[in-house]
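Peer 1: Here you go, one structure.
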Amino acid sequence: MINPHRGEVAIGIGGEERLMRLTLGELAALEARLEVGGLVALAERFETGAFRANDLIALLTAGLRGGGDDLDEAEVAAMDFDGGAIGAAEAASRLLAASFRGTT
């Protein structure tokens, strides 16, 4: 069960709903991985559409790991996201919104 009050969102992968959540540890790892200057810069990269496919993969990996899946970026990159790349990007957008605003 998805709990939006914990910053959780759902993502469809291969027709199955999976949980994503950005824990503080995953946010710190994501900041370092993407070499951004803080959480605001991280959010702005995605809000302005200035992200690359590798950024999206890193964000989805962090969210899935925070949701309890033990995955690496190569595994996430090979996944069949419901809605394709657009579906993955929309889920990532919901994840960021839930993490920084407490809503889905």
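Rule-based calculations on the coordinates, nothing more; no lab input. If you're wondering where the values come from, they're calculated on a predicted model, not measured in any experiment. Note that we place each Cβ from the backbone using ideal geometry, even for glycine, and neighbour counts take in every protein chain shown.
Peer 1: At LEU24 and GLU47, where each label point lies 7 Å from the Cα along Cα→Cβ, what is the point-to-point distance in nanometres?
Peer 2: 2.2 nm
Peer 1: I've got another one for you. Quick check on packing: order 40-52, 85-97 by the mean number of other C-beta atoms within 10 Å, highest mean leading.
Peer 2: By packing density, highest mean first, the sequence is 85-97, 40-52.
Peer 1: Add -39500 (n - 2.57) for each DSSP H run of 4 or more in the chain, then divide by its residues: what number comes out at 222 nm, to the nearest 500 deg cm²/dmol?
Peer 2: Result for the chain, helices only: -17000 deg cm²/dmol.
Peer 1: On the Cα set of region 1-60, report Rg and Dmax in Å, please.
Peer 2: 12.5, 36
Peer 1: Please report, for the Cα atoms of the chain, the Rg to one decimal and the Dmax as a whole number; what are they, in angstrom?
Peer 2: Expressed in Å, the Cα Rg and Dmax of the chain come to 12.2, 36.
Peer 1: Another question about this same structure. How much length is gained on full extension from GLU35 to GLU75, taking 0.36 nm per residue of separation minus their Cα-Cα distance?
Peer 2: Full extension from GLU35 to GLU75 adds 12.2 nm.
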